[in-house]
1. Restricting the search to segment 301-322, which residues are among the β-branched types (Val, Ile, Thr) and under 20 Å from LEU75 (Cβ atoms)?
2. Could you look through segment 538-561, keep only residues that are open to solvent by 50 Å² or more (accessible area, probe 1.4 Å) and modelled with pLDDT under 85, and pick out the one that is farthest from LEU492 (Cα to Cα)?
3. When you scan segment 488-605 for strands (runs of 3 or more DSSP E) that lie fully inside it, which ones turn up with 2 or more residues that are more than 30 Å from PRO414 (Cα to Cα)?
4. Return the only residue of LEU306, LEU312, LEU321 being closer than 21 Å to GLY435 by Cβ and over 33 Å from the mean Cα position of the chain (by Cα).
5. For segment 514-537, give me the residue count where each residue is within 25 Å of the chain's Cα centre (by Cα) and surrounded by fewer than 22 Cβ atoms within 10 Å (Cβ to Cβ).
6. Test of understanding: among ARG60, ARG99, which residue is basic (Lys, Arg), open to solvent by 20 Å² or more (accessible area, probe 1.4 Å) and under 25 Å from LEU156 (Cβ atoms)?
7. Could you look through segment 562-605, keep only residues that are under 34 Å from the mean Cα position of the chain (by Cα) and closer than 26 Å to LYS537 by Cα, and pick out the one that is most open to solvent (accessible area, probe 1.4 Å)?
8. Can you find a residue in segment 108-119 that is touching a helix residue (DSSP H, G or I) at 6+ places or on another chain (Cβ under 8 Å) and closer than 15 Å to LEU32 by Cα?
Amino acid sequence: MYSQRIFRPFRRLVVPVFNETVQKNLINFCNLLEETSLTFLGVVEVDSSSSLSAGNASARKLRKSLYDFIRSRHLDAQIAVSVAYDPWDGINSYLQDHRTDLVILDWSSLPKNQPNFIEGIKRINANVAIIRGNFSKRHPKIGIPLRGGPHAQLSLRLALAMRRSELNAIHLFLPETSAEVVEAPLLGISRILPSLPEVNYQRKASSNPLAEILELSRKSDVTILGIAEASAERQASLGKVADQLLEETEQEVVVVKTQQEIPRREEDWKKETIGSKAISILVDKWFAENTFHASEFDNIDNLVRLKEEQGLAISLALPALNEEETVGNVIGTIQKTLIEKHRLLDEIVLMDSNSTDRTREIAESFGIPVYIHQQTLPQYGAREGKGEALWKSLYVTKGDIIIWIDSDIVNIHPRFVYGVVGPLLLNRNIHFVKGFYQRPLKTGRRVQSTGGGRVTELTARPLINLFYPELSGVIQPLSGEYGGRRKVLENLTFFTGYGVETGLLIDVFEKYGLSAIAQVDLLERIHHNQSLTALSKMSFVIIQAVLKKLEGRFKQPLFEDINRSMKIVQYESGNYFLEVKEIIEQERPPMITLPEYRAKFYPNE
C-alpha cells in the first residue's frame, strides 16, 4: 500500500498566481515533473466591503496576462481565475471542483504582507509544494531529511517523481530513541526505502538533527522537507528547520504540506451559508470569474492554435426567416475573416425557416449549405419557431462546438463569433457561453442608444431572479449569440419557439452546474426591433418555458391547468378589440435520443 502511494505520479499541477507575473523558477520546477498537466490559477482578492462581482475587471486583466504568458512561452497549460475575499479561500474554492495532485507556490511571490499568510498556506486543501530557488538544473541532486510526521511520505513521493541525477534520503532520530519509536513516525516508509535502488538511504542517530539537515542541504542541489508545527511564540512559521532553510541557505528548497481536510472557520460558514446571501456570493463569484470580453480573444490565430491543439471542429449555424437585407453581409463578413483568413470555423450553415424572400438564394451564393428546417428530419414533423431550427441544426452540422448567431445583425463583426468561441477553447470546463451587449433601440431611421432588450428586462430576468437566482448574473439570457459543446447540447431538450434560449440556459445549469456557463461582452448589437405586440407574444412564450422547467424541478403538473391562449389588445380606426392567439411552447427531446442522429454521429455504438 505504501509503495503504491509513494510511486503515484503528480498528473495535475496547479500554480496560483497572485499578480500578473509568473516567476521563471515555477516553470523550471514544473519541468522537473514528467507527464503532467499544468493550470495557472489567477487569484484575485476583493475588498470585503465590495461585492465579489467587482473583481471582474481584475480577473479579466489577470486572465489575459496569463494567456499572453503561456502563448509567448509556448506552454501547454490551462488558465483559470478565482475571485474571493481571501486568496486562500479562492484557491480552495477552485480545488473543490478540480481534482489536483499538487499546488505549487513560489516563496518569493507569496503575499507575505498578509499577517496570516502562513496560516493560509496550511489551510490549502491539497498537497502543497513551496519552492525557493531557480531550479535551473535539468537533473539536480536531491536530498531528503526524513524526520517522520504526516509530510514525510509526500517528500519522498515528490522526489521520486522529479528528474534527478541522485537522490539521498537520511532518516534522522535522537540517539536515545527506541527502535519502535524510530519506525513509528515514518508510517512504514523505512521498510520500502532499502528496496529502492535509486535512493541512497541511511539512518542516522544525531543529537543535532538541524546541523545534519543543513549539511545535507549544502551537499544537495535541492532539499525537500515537510513543514512542522509552529511553536507557540512563532505562529507565522513553517517550522524551525524549514524557516532556516528558506531564509539562510543558498541551495534550492522545497517545503511540502500534505493534503488535509481543514475545518473552515466558524465565521466563514456563518458568512457564506445564510440563505439568499449564500446564493448572492455564489453569483457574484461566478460573475467575476466567468464574465469575459470579446477583446480577450481578438488574436484569432491563438484561438485557431487552441482549436487545433484540442482537435476540435467548430460549426456556425445561422437561423433565418426572411432576412434578405442582412443575411448576405452576415455570411460574407464571417466567412472572409473566420474561414478564409483564419481557419477558426470549419463550416457555416444556414438553417432557414421557409423564408418567402431571397434569404436562401443569397446564402447559397456564398457556397454554404442551406437547409429548410421544415424539410429536415421530416419524419418528426415540422413545428414553427426558432427553437425548432436550432434543434435541427444539431443534426446537419458536424462540429464539436456549435455556435449560433442571429442573421439580422446590422453591425455584424467577427467578434460575435470568436467572442463566444473563446471561453470554450480557453477553459475546457466551460460548456455553454452566452453573449451580451448594449442594445440600441432602432425605430425606423432613428436609433436610441438604449432601450432594446425589453423582454429580457421586463420578463426573463425577473422570472430568473425569482425562480433560478443562481442564474441572476446572466446579463442577457435571451441573446441570440451563444454556443456550446455538442456533447452537452445533444443532451438538452429544446423549446421550439422563443423559449429556447431560456430553456437551454436552465437545463445547462441544472445538468452541469453554474460553473459550466460563461458570458462574454460583445460590445453592441444593432438589429431591427420588433413591435410591442410581438414582444408581448414572446413574453407569453417565455413565461410558459419557465413554468415548464419548474414542473421538472418540483415534479408538479404546473403547466396542465394554465391558459395557453393569449388575448391581444388591438386598436384600429378608433376602436379597441381583442384578438385571440393560441400560443403553445412545445419541447423537442434531446437530439441524442433520435436513432438517426446516433447512427450519424455514433455509428459504432
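1. VAL304, the sole residue that qualifies.
2. Here is the first cut: in segment 538-561, the ones open to solvent by 50 Å² or more (accessible area, probe 1.4 Å) are 543, 548, 553-558, 560-561.
Subsequent filtering for residues that are modelled with pLDDT under 85 retains 553-558, 560-561.
On the way: ARG553: 15, PHE554: 19, LYS555: 18, GLN556: 20, PRO557: 20, LEU558: 21, GLU560: 22, ASP561: 25 Å.
Within segment 538-561, the match that is farthest from LEU492 (Cα to Cα) is ASP561.
3. 565-572, 575-582
4. Working: LEU306 fails: over 33 Å from the mean Cα position of the chain (by Cα); LEU312 fails: over 33 Å from the mean Cα position of the chain (by Cα).
Only one candidate passes the filter, namely LEU321.
5. Of the residues in segment 514-537, the ones within 25 Å of the chain's Cα centre (by Cα) are 514-524.
Subsequent filtering for residues that are surrounded by fewer than 22 Cβ atoms within 10 Å (Cβ to Cβ) retains 514-516, 521, 523-524.
Residues flagged as within 25 Å of the chain's Cα centre (by Cα) and surrounded by fewer than 22 Cβ atoms within 10 Å (Cβ to Cβ) within segment 514-537 amount to 6.
6. ARG99
7. Residue satisfying both the conditions and the ranking: GLN586.
8. Taking every residue of segment 108-119 in turn, none turns out to be touching a helix residue (DSSP H, G or I) at 6+ places or on another chain (Cβ under 8 Å) and closer than 15 Å to LEU32 by Cα.
The values are calculated or read from the model by the stated rules, or taken from the named source; none is laboratory data. Everything numeric in this text was worked out from a predicted model, so none of it was measured. All Cβ positions, even for glycine, are placed from backbone atoms using ideal geometry, and neighbour counts span all protein chains on display. Each accessible area value is taken on the protein alone, full model and side chains, heavy atoms only, with ligands, DNA and RNA left out. Shrake-Rupley method; radii C 1.70, N 1.55, O 1.52, S 1.80 Å.
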